[in-house]
Amino acid sequence: MAEHLFFNRELSWIEFNNRVLYEALRKDIPLVERLKFLAIVSSNFDEFFMVRVAGLKHQLLHNPEERDLAGFTAAQQLEQISSRCHQVVNLQYKTLMEQVLPDLAEKGIEYVSPKNYTEKHHQFTKTKFIQEIFPLLTPIRTDGVCFPHISNLMLHGAFALEQLSKSEEKNPFAPTEDNIPVAIVQIPSSLPRIVRLPYDGENPEAVQFTLLDDIIYQYATMLFPGYKVAEGMLFKVTRDADFAVDEDESIDLSEAMEAVLEKRQSSLPVRLLCTRTTRYLKNFLQEKLNLSEQDVYAVEGPIDPSTLLDIADYPQAAPLSYEKWEHYYPPLLEKGQPLWSTLKRRDVLIHVPFESYDPVVSFLNDAADDPNTLAIKMTLYRTSGNSPIIRALERAAKKGKHVTVFVELKARFDEKQNLSWANQLEKAGVVVVQGIVHLKVHGKLLLVVRKEETGMYRYVHLATGNYNDKTAKLYVDMSLFTTNPEIANDATLFFNIISGYSMILPMERMVMAPITLKSRLLDLIEREIQLSTEGVPGLIVAKMNSLGDEQIIQKLYEASQNGVRVLLNVRGICMLVPGVPGQSENIQVVSIIDRYLEHTRIFYFQNGGSEELYLSSADWMPRNMEKRVELMFPVLQEEVFKDVKRILNMYFEDTSHAHTLQSDGSWIPIEPVPGQAPVRVQEQLQSMYKQRVETCNTTVPIEFIVRRRG
């Protein structure tokens, strides 16, 4: 077998971000959407440095000789990460400053930097600074041992000062002769960063804007009477957020999580992102923050492009954005009517955002208000602000229904909101389970128990994505409603396991991590190997966000060596090396980046003709297999099975927004066949659901066809 078995996890993730940046480079994508992709690159890197780079810095201190699956030490990884990230960030800013912003200006949305302010702009911004901004600013001195705390990801200005004249009266606050005074000013987050300017140009339909930090930078001298600004720089610091909560069973988890949130604001710096300036200020901050040269990212342009997205609210931005796509209400369901009778007849698949998320919200609202509902149980990993899901659960509890909710407090960067939800739900009378020691509950499951004339019925909703009505308009996910008794039994058992002292018993249909999911996947791959023949080779088709589990990758290599064809659609990290003779020549890996974020996990196994198809909350990563409570569930009903299989196959036909992974780690855009129109899977899916609504046959089949085990 070849020696090149695994790609490095972190470098693979950076290449995913580079594919996001590729979308921003495309001239065939609307300008505002290109700006959004640039913003995604920035927000992705923020999290990457807070978690992954911070983790490597810890490893460098405590286990410097430890190597990853690709054979790299922490020092080697940090060096390669810095080199590649600098390349990506430089291209990101070149695209922003030389393409996207100038093109936006031509279309009537013009960013005006201070050096291009007209007299009209100067008058407006100076007045705004004096009246609205100046009172909020607090310059902090840095001389001697004093250096102010720089909050994580907060935008700041740094100013090197030069005294205008030597006063005869001694100033006890003045710097020493041999020390250049430097002041730090935090840019107020309470004010909008986008500042609309009075228009001063030739196109009355256009808008001009500048940034809050530009205005502060322009008039910073007014903050320092008796001094002039010799050098200025805008910057933000990324701090270590790779903290594990203290999971001692005797410690209150809520209090422990609050301690983690507080710690993030004052943890060790891992990156300095700053505007280009002379070296003094950069070196000054680099020394004070104890950062190396490879940790500093100096850019030509506004820090943090994600906040530029407020321009999307301007009317002039509408023609520069994607054409609106409707989220279609599933034609099998009747708007305004409870789902109970439909779900007794058949399973219902919801495919967001092509289809509306409203049925999920309506289902929970109906359960909350229905007098026949006895109990509601569900998991919450991430949900939206002002969530209708939370409101329905509160209402159900207040109406006397037994409501149990597992709120995962350790969902990274959503801890604060989840703490708030947990407290709010408890006040309403909901039984809130706040955590499992050393595990995150990532599975998505909702169970409603209802007393009806013919007996007790259990309605189950399982999903690949979160119970979040906001991201359901942006993330591609699938969820399944069913009353299948075997799955309902499994759902009941699942909640007993995660909330009480129930022994871990085998489930009939669902598969659970960290108990059986990994072993089940390995068995499914092994079965494909055993059933594969030269005449009828095995087939595995899987779609996921990330692939990095060592044993699963090794098993896929074994499958490839035994003639099994493996098709993988991986949005982000992929540590598997495809296309290596004798190792993985039968494995193809593609990735799709488009207007919606691909989030669905779908796993297909040919099984010698007795096909099996699964949906899951889990990626094929060690954390999903070993450190999270995850669920994988089968698609059993015939029509739903055909639908999901067809959709899965469509993801390997895209020639518009797809890349294919090469054995050297590069990703090559997939081009359409000469003479044929490009295929864009998300556009095809949108058209498919539109056509279904337009041609819907209102007769709903009542037969419940179940796929039995082969």
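The values are calculated or read from the model by the stated rules, or taken from the named source; none is laboratory data. Being a predicted model, the structure only gives us computed values, none of them experimental. Please note: Cβ atoms are built from the backbone with ideal geometry, for glycine as well, and neighbour counts cover all protein chains shown. The protein model used for the area step is the full one, side chains on, heavy atoms only, and it has no ligands, DNA or RNA in it. Shrake-Rupley method; radii C 1.70, N 1.55, O 1.52, S 1.80 Å.
Only residues that are of a type in the set (A, V, I, L, M) and in contact with a helix residue (DSSP H, G or I) (Cβ under 9 Å, 6 or more places away or on another chain): list them for segment 549-566, please.
Passing the criteria: 552, 556, 559, 564, 566.
Within 30 Å of residue 158 (Cα to Cα), open to solvent by 50 Å² or more (accessible area, probe 1.4 Å) and of a type in the set (A, V, I, L, M) - does that describe any residue in segment 267-278? Yes: one or more hits.
Residues in segment 437-466 that are out of contact with any Phe, Trp or Tyr (no Cβ under 6 Å at 6 or more places or on another chain), modelled with pLDDT under 95 and part of a loop (DSSP other than H, G, I, E, B): 437, 438, 443, 453, 454. When 628, 565 are screened for being among the charged types (D, E, K, R), crowded, with 22+ Cβ neighbours inside 10 Å and on the phi < 0 side of the Ramachandran plot, only 628 passes. Evaluating residue 98 against the criteria (1) over 30 Å from residue 322 (Cα atoms); (2) open to solvent by 10 Å² or more (accessible area, probe 1.4 Å) leaves one unmet condition, (1). Among the residues making up segment 643-686, those that are among the aliphatic types (A, V, I, L, M), touching a residue at least 60 places away in the same chain (Cβ under 8 Å) and outside any loop (DSSP other than H, G, I, E, B) are 644, 647, 648, 658, 661, 681, 685.
Looking at this structure, is residue 544 in contact (Cβ under 8 Å) with a residue 12 or more places away in the chain and surrounded by 23 or more Cβ atoms within 10 Å (Cβ to Cβ)? The answer is yes for residue 544. Taken over segment 568-596, the criterion of being under 30 Å from residue 473 (Cβ atoms) and either in a loop (DSSP other than H, G, I, E, B) or open to solvent by 10 Å² or more (accessible area, probe 1.4 Å) (or both) is satisfied by 571, 572, 573, 593, 594, 595, 596.
Could you tell me which residue of segment 547-562 is nearest to residue 653 (Cα to Cα), considering only residues that are out of contact with any Leu (no Cβ under 7 Å at 6 or more places or on another chain), open to solvent by less than 10 Å² (accessible area, probe 1.4 Å) and assigned to a helix (DSSP H, G or I)?
For segment 547-562, the residue satisfying everything is 560.
Just so you know, in segment 302-321 the residues that are open to solvent by 20 Å² or more (accessible area, probe 1.4 Å) and not in a helix (DSSP H, G or I) include one that is modelled with the lowest pLDDT, and it is 304.
Among the residues of segment 105-140, the ones that are assigned to a helix (DSSP H, G or I), crowded, with 18+ Cβ neighbours inside 10 Å and touching a Phe, Trp or Tyr at 6+ places or on another chain (Cβ under 7 Å) come to 2 in all.
Is segment 72-84 home to any residue that is out of contact with any Leu (no Cβ under 6 Å at 6 or more places or on another chain), at pLDDT 95 or above and buried (at least 21 other Cβ atoms within 10 Å of the Cβ)? Yes, segment 72-84 has at least one match.
To keep it simple, each residue is scored yes or no on (1) within 30 Å of residue 199 (Cβ to Cβ); (2) out of contact with any Phe, Trp or Tyr (no Cβ under 8 Å at 6 or more places or on another chain); (3) of a type in the set (Asp, Glu); (4) open to solvent by 20 Å² or more (accessible area, probe 1.4 Å).
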site: 280; (1), (2), (3), (4): no, yes, no, yes
site: 291; (1), (2), (3), (4): no, yes, no, no
site: 300; (1), (2), (3), (4): yes, no, yes, yes
site: 323; (1), (2), (3), (4): yes, yes, yes, yes
site: 330; (1), (2), (3), (4): no, yes, no, no
site: 345; (1), (2), (3), (4): no, no, no, yes
site: 359; (1), (2), (3), (4): no, no, no, no
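Can we say residue 53 is in contact (Cβ under 8 Å) with a residue 24 or more places away in the chain, part of a helix (DSSP H, G or I), in contact with a strand residue (DSSP E or B) (Cβ under 8 Å, 6 or more places away or on another chain) and surrounded by 17 or more Cβ atoms within 10 Å (Cβ to Cβ)? For residue 53, the condition - in contact (Cβ under 8 Å) with a residue 24 or more places away in the chain, part of a helix (DSSP H, G or I), in contact with a strand residue (DSSP E or B) (Cβ under 8 Å, 6 or more places away or on another chain) and surrounded by 17 or more Cβ atoms within 10 Å (Cβ to Cβ) - is met. Taking residues in segment 171-190 that are modelled with pLDDT of 95 or more, and partners anywhere that are of a type in the set (Asp, Glu), the pairs with Cβ atoms closer than 9 Å and at least 6 places apart or on different chains are 187/213. For segment 491-508, the criterion of being free of Cβ contacts under 8 Å to residues at least 12 places away in the same chain, open to solvent by less than 50 Å² (accessible area, probe 1.4 Å) and not polar (S, T, N, Q) is met by at least one residue. Within the set 29, 81, the sole residue that is under 24 Å from residue 303 (Cα atoms), of a type in the set (Val, Ile, Thr) and part of a loop (DSSP other than H, G, I, E, B) turns out to be 29.
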